[in-house]
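Here is the structure we will look at.
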Amino acid sequence: MKMFIYVFTICLAMAISGCKKDIPEPETKKIGEKASLYTASYDIPVFKTTFSSKEEFFVKHKVEGRNVMIECIIQGITFRETAGNNKGKIILYVDGKKEEKISSAAFIVKGLLPGTHRLTLEVTTEESSSVIMKKEFDVTIR
């Protein structure tokens with residue numbers, strides 16, 4: 001048994017001491033090392049989408065395949081379940097045909113056929129069924 005402990009201790013010491021020689025260098029930059037800066041002087045068009053506080057009904061959309069992702073910001077209207085006043089709904093029309101009532105500010109219109117479609121968004125509140133605001137825009141599905 002003493003021989004086993006002796007051999008085990010020697011093997012353990014060799015394993016521990018063997019790992020100290022080939023310690024890998026860290027892949028991060030060291031403090032004080034200068035980073036190279038690359039500046040390009042290309043004229044790249046930048047499209048900036050900002051929400052103007054003057055605009056009451058702001059719609060941002062993105063076409064991905066046959067789906068259209070839509071995000072709405074509507075001043076004075078909320079879509080939260082816990083909200084008491086000014087809880088709104090969006091009525092979606094595709095090419096003039098009523099598709100659905102939506103209870104969220106962001107949603108996806110799925111499975112549009114290839115071609116150009118006119119999307120219409122009408123905002124109503126739960127208290128009244130009359131249209132408060134309306135936005136129309138065209139999307140092209142390829």
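The values are calculated or read from the model by the stated rules, or taken from the named source; none is laboratory data. Note that the coordinates shown come from a computational prediction; the quantities given were computed from them, not determined experimentally. Backbone-built Cβ (ideal geometry, glycine too); neighbour counts: all protein chains shown. Note: areas computed on protein heavy atoms with side chains; ligands, DNA, RNA excluded. Shrake-Rupley method; radii C 1.70, N 1.55, O 1.52, S 1.80 Å.
Taking 0.36 nm per residue of separation and subtracting the current Cα-Cα distance, fully stretching the chain between residue 3 and residue 60 would add 12.8 nm. With 10 Å bins beginning at zero, the pair-distance distribution over Cα atoms of region 72-117 amounts to 23, 46, 24, 7, 0 %. In the full protein context, region 92-142 carries 62 Å² of accessible surface per residue, based on a 1.4 Å probe and ignoring ligands, DNA and RNA. On the basis of the beta-carbon distance and an R0 of 25 Å, residue 134 and residue 82 show a calculated FRET efficiency of 0.40.
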